[in-house]
1. Restricting attention to segment 63-70, does a residue exist that is surrounded by 12 or more Cβ atoms within 10 Å (Cβ to Cβ), more than 11 Å from the chain's Cα centre (by Cα) and part of a helix (DSSP H, G or I)?
2. Would you pick out the residues in segment 1-37 that are out of contact with any helix residue (DSSP H, G or I) (no Cβ under 7 Å at 6 or more places or on another chain), aliphatic (A, V, I, L, M) and closer than 21 Å to Q93 by Cβ?
3. For the subset of segment 71-95 comprising residues that are of a type in the set (S, T, Y) and surrounded by fewer than 18 Cβ atoms within 10 Å (Cβ to Cβ), which member is nearest to T14 (Cα to Cα)?
4. Which numbered condition in (1) in a strand (DSSP E or B); (2) free of Cβ contacts under 8 Å to residues at least 40 places away in the same chain; (3) closer than 23 Å to A118 by Cβ is the only one that R80 fails?
5. Please verify whether segment 96-112 includes one or more residues that are buried (at least 16 other Cβ atoms within 10 Å of the Cβ), among the polar types (S, T, N, Q) and in contact with a strand residue (DSSP E or B) (Cβ under 9 Å, 6 or more places away or on another chain).
6. Please tell me if S29 is free of Cβ contacts under 8 Å to residues at least 12 places away in the same chain and out of contact with any Leu (no Cβ under 8 Å at 6 or more places or on another chain).
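Values in this text are rule-based calculations from the coordinates and carry no lab data. Remember, predicted model here, so these are calculated numbers, not experimental data. Using ideal geometry, Cβ is built from the backbone for each residue, glycine included, and neighbour counts are taken over all protein chains shown.
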Amino acid sequence: MPDPSLLEVFDAPTSSPFLIEHVAEEFTSVCPRTGHPDFGEVLLRYEPAASCVELKSLKLYYQSFRNEGIFYEAVTNQIRDDLVAAMSPRWLQLITAWKGRGGIRSRIVAAHGPVPEAWVRA
């Protein structure tokens, strides 16, 4: 089971608005139907309020999904929910982009709070 207790935070260096983006290029989990591995990229974008996620803990948290039988949509929403609970950001956007299987690639987007226009990506 993915372990949100692995997530550690530290005080944000300023209260002025700023954008943080972290990309994990080698995310893996397991398809609960087939048992085959799923490979994807996770893009985390957020504006901290009081705290930021520590990167080593984020990596270990992502790795806790490695043997988990879980659908793409559930992965994306669980990561969003766990990060929001750990950090309470002003807003957060999580985008997962999954490698193709059977000729179909998937991209799942989950958000917490409205993304300000200045930070919207195409």
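1. Yes, because at least one residue in segment 63-70 is surrounded by 12 or more Cβ atoms within 10 Å (Cβ to Cβ), more than 11 Å from the chain's Cα centre (by Cα) and part of a helix (DSSP H, G or I).
2. Once the filter is applied, which keeps residues that are out of contact with any helix residue (DSSP H, G or I) (no Cβ under 7 Å at 6 or more places or on another chain), aliphatic (A, V, I, L, M) and closer than 21 Å to Q93 by Cβ, segment 1-37 yields A12, I20, V23.
3. The first filter runs over segment 71-95 and keeps only residues of a type in the set (S, T, Y), leaving 72, 76, 88.
With surrounded by fewer than 18 Cβ atoms within 10 Å (Cβ to Cβ) added as a condition, the list becomes 72, 88.
Values: Y72: 34, S88: 15 Å.
If we take residues in segment 71-95 being of a type in the set (S, T, Y) and surrounded by fewer than 18 Cβ atoms within 10 Å (Cβ to Cβ), then S88 is nearest to T14 (Cα to Cα).
4. In the conditions (1) in a strand (DSSP E or B); (2) free of Cβ contacts under 8 Å to residues at least 40 places away in the same chain; (3) closer than 23 Å to A118 by Cβ, R80 misses (1) alone.
5. Taking segment 96-112 first, the residues buried (at least 16 other Cβ atoms within 10 Å of the Cβ) are 96-98, 106, 108, 110, 112.
This time we only want the ones that are among the polar types (S, T, N, Q), so: 96, 106.
Of the ones still in play, those that are also in contact with a strand residue (DSSP E or B) (Cβ under 9 Å, 6 or more places away or on another chain) are 96, 106.
The answer is yes, given that some residue of segment 96-112 is buried (at least 16 other Cβ atoms within 10 Å of the Cβ), among the polar types (S, T, N, Q) and in contact with a strand residue (DSSP E or B) (Cβ under 9 Å, 6 or more places away or on another chain).
6. Details: free of Cβ contacts under 8 Å to residues at least 12 places away in the same chain: no; out of contact with any Leu (no Cβ under 8 Å at 6 or more places or on another chain): yes.
Taking the combined requirement at face value, the residue does not satisfy it.
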